[in-house]
Amino acid sequence: MKFAFGRALSRPFFLLALGFMISGTLSANARQWFVYFGTYTSGQSQGIYTARFDDKTGQLSAPELFATTKNPTFLAVHPNRRWLFAVSEVANQGRKPGGAASVFEVHPASGMLDFMDQESSGGAGPCHLSLDRTGRCLLVANYGSGSVSAIRIDPEGMLSPGSTNQHAGSSVNLKRQAGPHAHQAVVSPDNRFALVCDLGLDKVQVYELDPKAALLTPHSPSAVAVHPGAGPRHLAFRPDGRFFYVINELDSTACAYAWNAGKGEGKHIQTISTLPANVNAADAGLTNYCAAMVAHPNGRFVYGSNRGHDSIVVFSSDRRTGKLKTVAHTSSGGKFPRFITLDPKGKWLFSLNQHSGDIVVLKVDARTGKLSAPVSKLHLDSPVCAVFVPAPGKN
């Protein structure tokens with residue numbers, strides 16, 4: 001499916017390198033940001049919302065609706081900072097099966113969004129998208145159908161079909177793992193591989209990536225195993241690319257892996273609980289589902305969210321071994337923290353609490369990794385994702 005309306009932008013790829021350098025400089029120096037929030041639209045929210053964020057004070061403005069669209073639950077920003085991508089997390093679009101991915105133009109002065117194009121996600125219930133590091137290829141994880149797609153991005157930002165890989169199999173949790181459920185696709189630091197967390201298979205699938213052709217080819221070995229019943233949901237590479245960390249939705253654990261970039265292989269080195277040592281979920285009658293994971297830009301800390309315990313776990317990452325050590329647990333400031341992220345400078349952590357309908361900003365201690373009490377908080381129904389674009393202001 002495709003809608004060819006919207007204003008085309010003439011941006012040949014040989015000019016994008018210059019744009020990437022400029023945007024990197026803006027990101028390093030920016031103080032004011034547009035923060036875009038993806039939401040579920042079954043309640044009060046109607047699409048993609050935007051607030052202004054001051055990274056000196058940690059304050060957020062009231063959110064405004066900038067794009068009306070159905071279930072834009074996950075967002076991604078192109079390296080040129082001019083295009084915003086969003087999934088439409090639905091089982092089908094009208095009479096056609098499957099969800100969609102859309103692209104919007106970001107107006108640099110106002111942050112307003114103009115719809116540009118839309119393409120099929122290649123499967124049902126797309127819940128995550130990301131870009132390769134050249135900005136030529138969009139990766140979409142389809143949770144409902146258990147597939148992952150690569151979509152071409154042309155020099156004008158328009159979308160066209162690439163490749164789709166359908167996962168197959170199951171695992172031990174009959175309620176949640178009767179079939180594949182791709183939950184996230186992440187590109188390796190060298191842009192050679194795409195790693196896909198599949199909650200239904202207890203695997204992280206590994207693909208060779210050709211960004212220009214938007215082609216994903218199963219690698220050998222084709223997957224990194226996670227222990228049965230874990231339910232791998234999200235992963236994060238440490239900035240140096242030597243290790244990656246997987247947060248598991250179903251059993252409240254996180255796993256550490258050593259990454260061999262040359263061979264495209266991950267070696268399991270550790271499994272650790274995301275809950276405090278004195279919390280036994282079964283004994284306490286606690287139902288907890290882990291959600292998001294993010295690594296700090298300094299490489300020393302990793303954060304994960306607990307939905308149910310409603311906390312954010314802070315791990316330290318050993319520089320040499322890559323193993324995690326629990327540092328602290330901090331309240332998410334609301335209920336069911338579906339997503340957490342750090343601002344581009346790593347000074348602030350955002351907790352998006354889906355069930356209480358709020359977004360909470362906590363300050364990061366760069367020395368210890370610990371989080372402060374909430375510095376600012378705003379209401380938004382069913383928030384799911386947050387991404388940043390530099391905004392004009394006192395930068």
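Per-structure values
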| read-out | value |
| --- | --- |
| Condition check for ILE359: out of contact with any His (no Cβ under 7 Å at 6 or more places or on another chain), under 19 Å from TYR289 (Cβ atoms) and either surrounded by fewer than 16 Cβ atoms within 10 Å (Cβ to Cβ) or modelled with pLDDT of 95 or more (or both) | no |
| Number of positions in region 186-218 that are more than 17 Å from LEU138 (Cβ to Cβ) and of a type in the set (A, V, I, L, M) | 4 |
| Enumerated strands (runs of 3 or more DSSP E) restricted to region 179-250, each holding at least 1 residues that are surrounded by fewer than 24 Cβ atoms within 10 Å (Cβ to Cβ) and in contact with a strand residue (DSSP E or B) (Cβ under 8 Å, 6 or more places away or on another chain) | 182-187, 193-198, 203-210, 215-225, 232-237 |
| Test result for SER42, at pLDDT 50 or above, loosely packed, with under 15 Cβ neighbours inside 10 Å and farther than 28 Å from GLY346 by Cα | yes |
| Any hit, region 316-325, residues being more than 21 Å from the chain's Cα centre (by Cα), closer than 29 Å to MET112 by Cα, surrounded by fewer than 18 Cβ atoms within 10 Å (Cβ to Cβ) and in contact (Cβ under 8 Å) with a residue 24 or more places away in the chain | no |
| Meets criteria (of a type outside the set (D, E, K, R), out of contact with any Cys (no Cβ under 9 Å at 6 or more places or on another chain) and assigned to a loop (DSSP other than H, G, I, E, B)) for THR330 | no |
| Residue in region 85-103 that is without any contact (Cβ under 8 Å) to a residue 40 or more places away in the chain, surrounded by fewer than 24 Cβ atoms within 10 Å (Cβ to Cβ), assigned to a loop (DSSP other than H, G, I, E, B) and among the β-branched types (Val, Ile, Thr) present | yes |
| Pairs with Cβ under 6 Å, 6+ apart, first in region 326-340 and over 18 Å from HIS355 (Cβ atoms), second among the hydroxyl-bearing types (Ser, Thr, Tyr) | VAL327/SER316; HIS329/SER311 |
| SER171 in a loop (DSSP other than H, G, I, E, B) and at pLDDT 95 or above | yes |
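The values are calculated or read from the model by the stated rules, or taken from the named source; none is laboratory data. Not measured: the values here are computed from a predicted model. Methodologically, a virtual Cβ is constructed for each residue, glycine included, from the backbone with ideal geometry; neighbour enumeration extends over all protein chains shown.
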